[in-house]
Amino acid sequence: MGTSANARTTTDSRDLELLKKLAVSRKSLMQQIGRKIIGQTDVVENLVCAILAGGHVVIVGVPGLAKTLLIQTLAEALDLQFSRVQFTPDLMPGDITGTELLEEDHATGRRVFKFVKGPVFANVVLADEINRAPPKTQSALLQAMQEKTVTVAGQTHRLPNPFFVLATQNPIEQEATYPLPEAQLDRFMFELRVGYPSFEEEEQIVNSTTGAADVRIEPVLSGNEVSELQQLVRRMPAPPTIVKYCVGLARATRPSEPGTGPNIRKYINYGTGPRASQYLVLGAKARAAMDGRSVPDIEDVRAIAMSVIRHRLVMNFQAEAEGFGADKLVTEVLEKYKSA
């Protein structure tokens, strides 16, 4: 019995050290990313939060807002293997996962099939303009995102650890685009919206990108350290009140749930599933860890609720006709449910 108690004390002490390390690393990470990315502090923090929670992210914004540069810079600051896939209408699943090639074995003279890994075999996979590829190609990411494996020709190959899909999407141009399947959208932990910079920020952007300076990013965390911090987030306790609050928020978006608001029943066909509740808890724990806190609170949940919920709501035609967006409904739910 004494040995178990000592083991717990050692683990707790180690976790406290990791929390302190994470709080310091977060500041360094923000500083390194800020050397190339001006503004967008909330987006950067939510990206780091998703990384710590082991979740995937889709970033939505008009062209020219440094979505791709942000993901590249994050990969550099985390010292992770980075791979970019430019999604186009003619992109095939094998272009992402890899394929088998027939090669001659020089030792035996026989022809053998050899699997050539695709760009999905990286720590950070940038799916650029993900909605430009047809559903058949988009579905090639489903297994990778959920199970972190790829199956080709009957053989299952494990992806590197850690593994993240960070996708970008242009909300304006709809020609030659395909809506993401709901099953794929549900596998993204966050949908982050990138807005226009302020006047002062845009001045800084123009000055920094039209000069001769070459900014170098210094790595802050290695892949192994990121994996260690992910396990720390998993070990953090989630109080029953937090779990209850997260489940309540998710269920409050379902039209069939008793007690939901009139606008939920009027404008939503399908609300969020259990994966939203899971990501609300994980995201809250990750945000607490980023602040050096060992236990999340309700404000941590509310800070990420919009990013977790809005892309999971299936709106009906009436909502589109009346211009009633998902953000308004999430805001209503958050106003109604302020505590567990």
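The values are calculated or read from the model by the stated rules, or taken from the named source; none is laboratory data. Quick caveat: nothing in here was measured; it's all calculated off a predicted structure. Don't worry about glycine lacking a Cβ; one is built from the backbone with ideal geometry, like all the others, and counts go over all protein chains shown.
Some notes on this structure:
- Meets criteria (without any contact (Cβ under 8 Å) to a residue 24 or more places away in the chain and within 25 Å of residue 183 (Cα to Cα)) for residue 256: yes
- Taken over region 25-46, residues that are assigned to a loop (DSSP other than H, G, I, E, B) and touching a Ser or Thr at 6+ places or on another chain (Cβ under 9 Å) amount to 5.
- Residue that is nearest to residue 128 (Cα to Cα) [pool: residues in region 140-196 that are acidic (Asp, Glu) and part of a loop (DSSP other than H, G, I, E, B)]: 173
- Test: residue in region 108-129 that is assigned to a helix (DSSP H, G or I), over 21 Å from residue 286 (Cβ atoms), assigned by TED's automatic domain parsing to the domain that holds residue 187 and modelled with pLDDT of 85 or more: no
- Residue selected from region 52-64 under the condition over 16 Å from residue 127 (Cα atoms) and either at pLDDT 90 or above or touching a Phe, Trp or Tyr at 6+ places or on another chain (Cβ under 7 Å) (or both), by the criterion surrounded by the fewest Cβ atoms within 10 Å (Cβ to Cβ): 54
- Qualifying residue in region 197-210 (condition: outside any strand (DSSP E or B) and touching an Asp or Glu at 6+ places or on another chain (Cβ under 7 Å)): no
- Any hit, region 315-331, residues being over 30 Å from residue 25 (Cα atoms), of a type in the set (Lys, Arg) and in contact with an Asp or Glu (Cβ under 8 Å, 6 or more places away or on another chain): no
- The residue that is farthest from residue 330 (Cα to Cα), counting only those in region 296-320 that are surrounded by 21 or more Cβ atoms within 10 Å (Cβ to Cβ) and among the hydrophobic types (A, V, I, L, M, F, W, C), is 301.
- Of the listed requirements (1) closer than 29 Å to residue 66 by Cα; (2) buried (at least 17 other Cβ atoms within 10 Å of the Cβ); (3) free of Cβ contacts under 8 Å to residues at least 60 places away in the same chain, residue 194 misses just one: (3).
- Single condition residue 319 does not satisfy, out of (1) among the small types (Gly, Ala, Ser); (2) more than 15 Å from residue 265 (Cα to Cα); (3) part of a helix (DSSP H, G or I): (2)
- Scan of region 284-340 for residues that are without any contact (Cβ under 8 Å) to a residue 40 or more places away in the chain, farther than 17 Å from residue 250 by Cβ, of a type in the set (A, V, I, L, M) and touching a helix residue (DSSP H, G or I) at 6+ places or on another chain (Cβ under 8 Å), ordered by number: none
- Some residue of region 58-74 being among the charged types (D, E, K, R) and not in a helix (DSSP H, G or I): no
- Options 220, 233, 206; residue that is over 27 Å from the mean Cα position of the chain (by Cα), surrounded by 11 or more Cβ atoms within 10 Å (Cβ to Cβ) and at pLDDT 85 or above: 206
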